[in-house]
1. What spacing in nm lies between the two simple spin-label points modelled at A:LEU316 and A:ASP141, each 7 Å away from Cα in the Cβ direction?
2. If packing is taken as the average number of other Cβ atoms within 10 Å across a peptide's residues, how do A:511-517, A:36-42 rank, most packed first?
3. Nothing charged except the Cβ atoms of Lys and Arg (+1) and of Asp and Glu (-1): what's the magnitude of the dipole of the stretch A:474-580 about its Cα centre? Round to the nearest 20 debye.
4. Could you calculate the contour length gain from A:THR247 to A:LEU573, that is, 0.36 nm times the residue separation minus the distance between their Cα atoms, to one decimal place in nm?
5. For the stretch A:429-518, treating each Cα as an identical point scatterer without solvent, what Debye log10 I(q)/I(0) comes out at q = 0.20, 0.21, 0.25 1/Å?
6. Taking the Cα centre of the stretch A:391-450 as origin, sum charge times position over the Cβ atoms of Lys and Arg (+1) and Asp and Glu (-1), and report the length of that vector in debye to the nearest 20.
7. Pull up the DSSP beta bridges for the stretch A:474-580 and report the antiparallel fraction as a percent, rounded to 5.
8. What ranking of A:TYR133, A:TYR504 emerges when the number of other C-beta atoms within 10 Å of each C-beta is taken as an exposure proxy, fewest first?
Amino acid sequence: MKYSKYFIPTQRNSPQEALLNSHKLMLRAGLIHKVSSGLYGYLPYGLLALRNVEAIIRQQMNKAGAIETIMPLLVPAELLQRSGREKVFKRELFRFLDRNDAGLALSATNEETFTQLIEKQISSYKQLPVNLYQIATKFRDEIRPRYGVMRSKEFIMKDAYSFHVDAESLHETYMAMRQAYINIFTRLGLDFVHVAASSGAMGGQDSEEFIVKSPVGEETLVLCSACSYKANLEKAIQQISPPKATTSSLAKLEKVHTPHQDTISKVAAFLHSHSTRSIKTLVYEYEKTADSNVWLPLILILRGDFKLNETKLEALLASNIRLASPESLEAVFHCPKGYLSPINLEKPPRVIADISLKNLSQACAGANEKDYHFIGVDMQRDIALPLGDLFSFHDISLVQENAACSNCSEKLLQVKGIEVGHIFKLGKKYSRAFQLSVQNQQGKKITPTMGCYGIGVNRSLAAIIESNNDQHGIIFPPQIAPFKTALISIGTQPEILQQSSALYDRLGQENISCLWDDRLESPGVKFKDIDLIGIPLSLIISSRLLATQQCELKIRRTGERLTLPLNNISALLAKLHAMLS
RNA sequence: CGGAGUAUAGCGCAGUUGGUAGCGCGCUUGGUUUGGGACCAAGAGGUCACAGGUUCAAGCCCUGUUACUCCGACCA
């Protein structure tokens, strides 16, 4: 491709709106064009990079036995009603009516469409398992789009859906997809980890996230510094550190006056105690049954130095949760926040205690009276026993900073990352909703079980750029680079153009894609632009080099320059092939 | 949806006490250049986000609206 005939609108200044390096560079190097918040178009150069990412995904998916399809981007509301997800997605879905007032949504994910496909097309176990995928645009009315294409309203996802007669078959495909994902992200050149994750809006059981380590990521990973333990922060577990030793030994509860001490740290300081001997009380509400909109109060207690993990709690209850409204708080307690606890309540609601509180004694807790706290609290005696069936212990806390690994007791590290892939065992949630059934070998009808597997395609591209750049611009790994080489002609003399043209043609014959910078620009402009757009290798032709029948090869990543003879083109081409493979 | 900020040429920005719109880069034309964002000359380009108000006079002051960005909640 001749640069002069191509379209790469580069910019010298970073647009003020971009925060991330990848976002700035994608704009500056002319990969993307912002249409509006969360809406980006791909310009020719960016599209080539995107296509290369897609090709790697496609290759590995096909190799793992998945089969490509294309399904509509519009999803009839009827399908979402059948799965019950019309309500789950709430306002995240872009929805509208067609001319006959039939409800439609723009595809945010496609479980329903694929489940319906199987419902209509498959009736025998002989046709299973099947694993279908597509690479398609997804639409989500994000609460807050940000970071360019990292989180946008419209994005490209590879989504796959597999259908199976039993759990073993699902597991086999799940593991094949897991391996395919490892291959894909390795091939993309990303520094990633895969961790157990919570399944979010998709529903289901096992799931693993693929996360690229990056300080700008929105996900938090918990990794053990010694053993192989790793998990998403939302799912991570830790060894509970013992509470701070105490010398007091009250035999029973005692109410003490604690004027204006309405936070854990104030109370602990006031009582010369410690937050690890405090009981933190939070009041939430949870939905009685999914989407019933009937909310029940719920008291959560944690050790003073722990924080609630809402995701763990939601998974535990299998229900939506929200902070209690002032009215429902009033219905349970008759005192201000800061002095609450589940001790001696008249009509206690359900109480869930974090496992950090197990066996805690000599603790302090609110006395349910303004300016008073209890001391000498014993979890078992004062909370667990009196509450009986209303009470239970569960792990509902976030992993603390510097927490110890539950496997090996070594330090857990928290690392930021970008989620680029997610695989799930969905189970029968959708197949039941769609009353999917196939006949098994005995002629009995059974409900297939499902898996689904997603990759953020353009997010992966952004992650690649985020981790492959320097002060001069993008540094594309060869397998992603829109052009493997650039040919920079310096000078306008006929012999320079002639030599450049000959070399350009040879590269074409060798299938080494090349962007020939034939523009009438000064050398500086060409060097800067080629650096900015990140082409891995540059060949330079100038009168100075031609005088000795040589050209120069420059390596973008290292800045290294090699002078090579032009009279041995096959050696030159062999060298390029070697460096690009 | 809560909180914060921004809005002036394609991009980055300045604009004093309210007095008729500027800079750098980019763009166009002509010429000279060609190893790291060249030089000279001449140009083009603006509803100062939008609406209303105050004023003899508003980019600037006041009110409202919109868009964008950031933080939070949410989320493959």
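1. Simple spin-label model gives 3.3 nm for this pair.
2. Order by mean packing, descending: A:511-517, A:36-42.
3. For the stretch A:474-580, the charge dipole is close to 260 debye.
4. Using 0.36 nm per residue and subtracting the Cα-Cα distance, I get 109.5 nm.
5. Each listed q corresponds, in turn, to -1.00, -1.04, -1.17.
6. It comes to approximately 600 debye.
7. Here the share of antiparallel DSSP bridges comes out near 50 percent.
8. Exposure proxy ranking, most exposed first: A:TYR504, A:TYR133.
Where a number appears in this text, it was derived from the coordinates with a stated rule and is not lab data. In this text the structure is predicted, and so the values were computed from the model without any measurement. All Cβ positions, even for glycine, are placed from backbone atoms using ideal geometry, and neighbour counts span all protein chains on display.
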